[in-house]
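The values are calculated or read from the model by the stated rules, or taken from the named source; none is laboratory data. In this text the structure is predicted, and so the values were computed from the model without any measurement. Glycine also receives a Cβ, built like all others from the backbone with ideal geometry; neighbour counts cover every protein chain displayed. These area figures cover heavy atoms from the full protein model, side chains too; ligands, DNA and RNA do not enter into them. Shrake-Rupley method; radii C 1.70, N 1.55, O 1.52, S 1.80 Å.
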Amino acid sequence: MSAYDELLERLKDIDMIGQIGGLLGWDQEVLMPPKAAALRAEQLAWASKAGHMRLTDPRIGELLEELEASEELDDVQAANIRLARESYDKATKLPTEFVAEMAKHRSESLVSWTEARAKDDFSIFRDNLAKSIDLARQKADYLGFDELRYDALLDIYETGLTVARLDPLFAGLRDSVAPLIKAVVESENRPDMSWVEGNSWAQSGQEALSQGVTEAIGFDFDAGRRDVSTHPFCGGTNPDDVRWTTRYSESDPFGSLYGSMHETGHGTYEQGRRRDLDFQPAGEANGLGVHESQSRMWENQVGRSREFCEWVLPLWQQHFPENMEGVSAKALWQAVNLVEPSLIRVEADEATYNLHIMIRYEIEKRLIAGDLEVDDLPDAWDDMYEKFLGIRAPNRALGVLQDIHWSMGAFGYFPTYTLGNLYAAQLLAAAREDLPEHDEQIRRGEFAPLLAWMREHVHQRGSILEPADLIEEATGSPPSPDAFVEYLQDKVERLYGVTA
Ligand code: ZN
């Protein structure tokens, strides 16, 4: 067997273990009886250890060295070798005792964060957070970096991402989006939300509505499922088995519809992968930022457009005939685009969302560099919310304690959310060049042309290129905030009649 075939065989084994772990994780969120929790934790830990052992097998290192010296590689082979090298290095550079220490600390830290948030008392979480930051710094040192420690952490979630690349993206957003939001707030033009807030929205109607929409977009329910879970997610194993979840609230009909469109974006990406690259890293979906571009494109760029609201209104009327009486497509469009600075990131609208991320990015950068002390963090957080969003949290639970990420040691993760928004706008702008009828197609509920464009330029390209290169190949220019800023300015002007 050639070295390349042996490498692929070993990677397939590792992928299989990951797929089985994914199914166990799905079952844990969706179906598992509560008493199985401890057993499931053990099963998942076993699967992750089994995968880690295979990934860190020195034989993989030997194969990689041999293959890296070979000259005649096509782009898929080169990508498989590059991606296997990244995983192998990330897995072997961290000493086993350090990985165990991080896992142990993560469990403790999750407990203290949960308690601190419930009791609205930052001091309960303070020491664990300080240690999480210290461990993140050590992790960066083990992984290595050229300029900044924080770069090593960013690279974990999006290959090649650095502060040097992110700073200009966030600066562009800060300079353009913050004034735009200020102008909206000062205009006091609030859309009519009374028909939304004053009605009750039956779960059965919401289920039928989101089912109709996700089928129309092109999610294949013979190769996937929709279920209910507390924390919505998209998982599964392979293009033949993609599973996503949503949740319902009878007082808010938008959460389940837009959440479903979001997960459908992730799901159609997974279903659109190249089948001849099953079990190979090159065939997998690209980094978190690109994944998030697919979800946010359907959720926001398409789902909150005027044309989509015109197409979907009859579905709303069919499933909620009484509630929708007298509600026009324009009123629906205005309501789903409410722009309102708020304290909680996960509830933020499309316009303010990236400022929540920008604040976390600036804070993480300073924490990891040692320019911000943990004791000064809660006030620094509130000050930045006041500066950029004009609001201040009345307590720590609604402020610095709201996100789970830092308790899990996930420093460097937040920026991928904003990358997703920027990539979504840039990809859709490029797709429009090839699809001159785009707006009319959306108005008629013809989503296949847009999905086909994404299949060709994003889904089928897997991880053959690094994320930033994929975006450049698909759109003709490197990642930039311009398309998103333009999209938002145009939309806010049409909705609120303001410019900044
Ligand atoms: Zn997502």
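If you roll a 1.4 Å probe over the heavy atoms of the protein chains, what accessible area per residue do you get for region 163-496, in Å²?
38 Å²
Just to verify a number: what accessible area does TRP406 come out at with the full protein assembly present, 1.4 Å probe, Å² rounded to tens?
10 Å²
Could you pull out the GluC sites (Glu not before Pro) across region 80-182 that fall in loop regions by DSSP (anything but H, G, I, E, B) with no more than 11 other Cβ atoms inside 10 Å?
Sparse-neighbourhood loop GluC sites (Glu not before Pro): GLU147.
When the solvent-accessible surface of protein heavy atoms is calculated with a 1.4 angstrom probe, in what order do ILE442, ILE124 fall, highest first?
The residues order as ILE124, ILE442, largest area first.
Along each principal axis of its Cα atoms, how long is region 3-144 end to end? Whole angstroms, biggest number first, please.
Principal extents (Cα only, largest first): 61, 38, 25 Å.
Out of all DSSP beta bridges in the chain, what portion is antiparallel? Express it as a percent rounded to 5.
Details: 5 of 10 bridges.
Roughly 50 percent of the beta bridges in the chain run antiparallel, per DSSP.
For region 428-437, take each phi angle, set θ = phi - 60°, evaluate the Karplus expression 6.51 cos²θ - 1.76 cosθ + 1.60, and give the result in whole Hz per residue in order, putting x for glycine and proline.
5, 4, 5, 4, 4, 4, 8, 10, x, 8
Is there a pair in LYS12/LYS93; LYS35/LYS104; LYS330/LYS491; LYS365/LYS387; LYS12/LYS49; LYS90/LYS139 whose C-alpha atoms are over 20 Å apart, and which pairs would that be?
Violating the 20 Å Cα-Cα cut-off are LYS12/LYS93; LYS35/LYS104.
For the chain, what is the calculated [θ] at 222 nm in deg cm²/dmol (nearest 500), taking -39500 (n - 2.57) for each run of four or more DSSP H residues and dividing by its residue count?
The helix-only estimate for the chain comes to -20500 deg cm²/dmol at 222 nm.
Would you mind telling me the share, in percent, of accessible area of region 163-496 contributed by carbon and sulfur at probe 1.4 angstrom? Walk me through the intermediate numbers first.
Details: 5730 of 12670 Å².
Whole-percent figure for carbon plus sulfur exposure: 45.
Taking the highest mean first, how do the peptides 255-268, 22-35, 422-435, 319-332 order by number of other beta carbon atoms within 10 angstrom per residue?
Details: 255-268: 24.8, 22-35: 13.8, 422-435: 21.1, 319-332: 15.4.
My ranking of the peptides, most packed first, is 255-268, 422-435, 319-332, 22-35.
What list of ³J(HN,Hα) values in whole Hz, one per residue of region 306-319 in order, does the Karplus curve 6.51 cos²θ - 1.76 cosθ + 1.60 (θ = phi - 60°) give from phi, with Gly and Pro shown as x?
Karplus values, whole Hz, x for Gly and Pro: 4, 5, 5, 4, 5, 5, 7, 3, x, 5, 4, 5, 5, 8.
Rounded to the nearest Å, what's the spacing between the alpha carbon centres of region 346-377 and region 449-485? Just the number, please.
Measuring centre to centre over Cα atoms gives 27 Å.
Using unit Cβ charges (K, R positive; D, E negative) and no other charged atoms, how large, in debye to the nearest 20, is the dipole of region 178-256 about its Cα centre?
So the magnitude is around 200 debye.
Using alpha-carbon positions, what is the distance between the centroids of region 303-330 and region 174-215, in Å?
13 Å
Need one word for region 210-362: rounded, prolate or oblate. Basis is the Cα gyration tensor (sqrt eigenvalues a ≥ b ≥ c); a/c below 1.5 gives rounded, then a/b vs b/c decides.
Oblate, because a/c is 1.5 or more while a/b does not exceed b/c.
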